[in-house]
Amino acid sequence: MKVTVLAFGIAKDIFGASSVEVEIPGDTTAARLKAVLEQNYPRLSKLASYMLAVNNEYAGDDMHIKTGDEIALIPPVSGG
Amino acid sequence: MKTNIQLLTEPLNVQACVDWVISPGCGGIDVFIGTVRNQTKGRTVVKLDFEAYKPMAISEMNKITEQVFEQFPVEKVLIHHRTGTLQIGDIPVIIAVAAAHRDAAFSACRYIIDTLKQTVPIWKKEYFEDGEVWVGATP
C-alpha cells in the first residue's frame, strides 16, 4: 500500500519536500516503515534520533500502519 | 476553562497571558518567558525560524497540562508558543501558571517548559552569519 509521510524540520531538507509517498507492504509496522524510509533516504540514519507519529501520537516500533493513517516523521524537537 | 493553549504567528503578549491566569483563589503566578538569544556557543545568531506540526503540538501540550493538573495543585495553566521567523529578543514561548501557593506554581511551570522541550513537535532553525542549522537534529 501507499502511505504519505509528512516531514518537519530537518526531515523536510532530507526529503526535499514537505511530504513523500512511500510504497510499503500491507500490515506494516512503524519499525518497517522506518527501515524503508532509511533505505530511500540514508541521511535519516545520521539524525540524533527520530520518531514516527501516527494520527498525532508518537508511534512505538510495533505499531501497525493502516491505510489512511496520518503519518509524520518527527526529528529531534527543539521548541521553547 | 482552566487551560489556554495556543500556537500563534503574531507576537506573544506577556501581560495578556498574566491577565488570563490571574484568579481570586490564587496567591501567586509563575511565568516563564523564552526569548531569542543572540549567540549559540559563541556563534552570532541572526534570527530563528520556528515550525510546528500543529495538531500534534496542540495535542502534546494538552497532555502536558493534564499531567500538570494531576501532579500539582494549580488553578490555571497557559502555554502560548509562536511560530515563524523571530528576531533577537523576540518571545517564542510564554508559560503562565496560577496556584494558591508558590511552590506548586514554580514546580508546574518548570515541569511544563522542561517537558515541552522534550515532547512537543516544534522545531527551530538557527541562522548564523555564515550558515544555518536545525537545532539538535544531528549528534
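Coordinate-derived values only; no laboratory data. Worth saying up front: this structure is predicted, and the values here are computed from it rather than measured. With ideal geometry, Cβ positions are generated from the backbone for all residues, glycine too; neighbour counts draw on all protein chains shown.
All other residues with a Cβ under 10 Å from the Cβ of A:Ala59 taken together, and with Lys, Arg as +1 and Asp, Glu as -1, what is their net charge?
Every neighbour counted, the sum reads -3.
Mind checking the log10 I(q)/I(0) for the stretch B:74-139 at q = 0.17, 0.19, 0.21, 0.24 Å⁻¹? Debye, one equal scatterer per Cα, no solvent, two decimals. For the stretch B:74-139, the Cα-only Debye profile gives -0.74, -0.85, -0.95, -1.10.
Between A:Gln39 and A:Thr4, the FRET efficiency estimated from the beta carbon spacing at R0 = 30 angstrom works out to 0.95. A Förster distance of 25 Å, applied to the separation of the beta-carbon atoms of B:Ile113 and A:Asp13, puts the FRET efficiency at 0.40. What angle do you read, to the nearest 10 degrees and between 0 and 90, between the alpha-carbon axis of helix B:54-71 and the longest principal axis of chain B? So the helix axis and the longest Cα principal axis differ by about 40 degrees. Approximating the spin labels as points 7 Å out from Cα along Cα→Cβ, the B:Thr138-to-A:His64 distance works out to 3.8 nm. Between the helical axis of A:30-40 and the longest alpha-carbon principal axis of chain A there is an angle of about 60 degrees. Against the main long axis of the alpha-carbon atoms of chain B, helix B:102-119 sits at an angle near 40°. For chain A, relative contact order (Cα pairs under 8 Å, six or more residues apart, normalised by length) works out to 38 percent. Put simply, the amide H of B:Ile5, placed in the peptide plane, has neighbours under 5 Å in B:Ile79, leaving out anything fewer than 5 places away on its chain.
Label chain B by shape, choosing from rounded, prolate and oblate, from the square roots a ≥ b ≥ c of the eigenvalues of the Cα gyration tensor; if a/c is under 1.5 it is rounded, and otherwise prolate applies when a/b is larger than b/c, oblate when it is not. It comes out prolate by the Cα gyration axes.
Using only alpha carbons, the stretch A:2-74 has a radius of gyration to Kirkwood radius ratio (Rg to Rh) of 0.91.
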